[in-house]
Amino acid sequence: MAQIFHKSFNSLSKVSIVVGGLVAATALTLVATANTTSWITYVGVAREQTPPFSHKHHVAGLGIDCRYCHTTVEEAGFAGIPATKTCMTCHSQVWTEAPILEPVRESYRTDKPLEWVRVHDLPDFVYFDHSIHVAKGVGCSTCHGQVDQMPLMWRENTLNMTWCLSCHRDPAQFVRPKDKVFDMTWTPPANQREQGEALVRDYHITSKTNCGVCHR
């Protein structure tokens with residue numbers, strides 16, 4: 001029987017397999033790299049809000065504690081977004097005629113919530129509980145950065161799984177005393193490793209890396 005394909009097809013098939021593998025590997029690398037860029041993660045990208053809200057002004061300038069607005073952060077999975085009446089606690093007395101705050105006053109008059117842009121928004125397939133992290137000594141700034149220095153809010157960390165696992169695998173390098181969780185000026189001491197390991201024991205923290213912890 002006559003040969004259907006020329007002998008050169010043997011070489012071509014091997015080359016095509018190699019090239020196909022390289023193309024697939026390159027594509028996967030590009031996707032993985034793109035997933036860590038600010039285009040995807042929004043790290044360092046200030047998110048515009050209506051009205052614009054400055055954490056720097058309210059936290060560093062006025063000394064308002066995180067829990068005044070984020071009321072459920074110690075007891076629930078969701079930190080909570082303040083209702084308009086929380087804003088009006090102050091703004092019914094100060095800056096009452098400021099044009100920039102008209103959306104707040106309108107929301108209060110109409111009882112229609114303000115539409116804030118979520119900055120730290122995890123995928124639906126990820127389970128996250130603020131309360132357990134706070135209870136175990138994970139500070140606000142560890143995940144959210146120096147919020148007290150942000151005129152507009154941006155994401156300080158990628159929130160990708162690899163970033164989360166860096167803490168879950170070795171929590172001692174991140175935990176702090178519980179009375180410093182909401183302290184924006186706290187910095188890790190020189191003996192953070194030693195202190196962190198002691199806190200891990202005291203707070204009964206275990207390294208949780210099982211898939212079911214976050215993906216339920």
Principal axes first, then extents: for the Cα atoms of the chain, list largest minus smallest coordinate on each axis, whole Å, largest first.
-> 96, 48, 31
Taking amide H positions as placed in the peptide plane 1.01 Å from N, state which residues far from Arg155 in sequence (5 or more) or on other chains have amide H under 5 Å from it.
-> Gly44, Val45
Do any chymotrypsin sites (Phe, Trp or Tyr not before Pro) in the stretch 103-132 lie in a loop, going by DSSP, with at most 16 other beta-carbon atoms within 10 Å of their beta carbon, and if so which?
-> Trp116, Phe125, Tyr127, Phe128
Cα-based Lys proximity count in the chain, under 27 Å, for pairs eight or more positions apart or on separate chains | 11
Round to a whole angstrom and tell me the spacing of the C-alpha centers of the stretch 85-129 and the stretch 185-209.
-> 35
Only helical DSSP H runs with n ≥ 4 go in: add -39500 (n - 2.57) per run for the chain, normalise by residue count and round the 222 nm mean residue ellipticity to 500 deg cm²/dmol.
-> -11000 deg cm²/dmol
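Each reported figure results from applying straightforward, stated rules to the coordinates on display, with no laboratory input. The structure displayed is predicted, hence computed values, not measured ones. All Cβ positions, glycine included, derive from the backbone under ideal geometry; neighbour counts span all protein chains shown.
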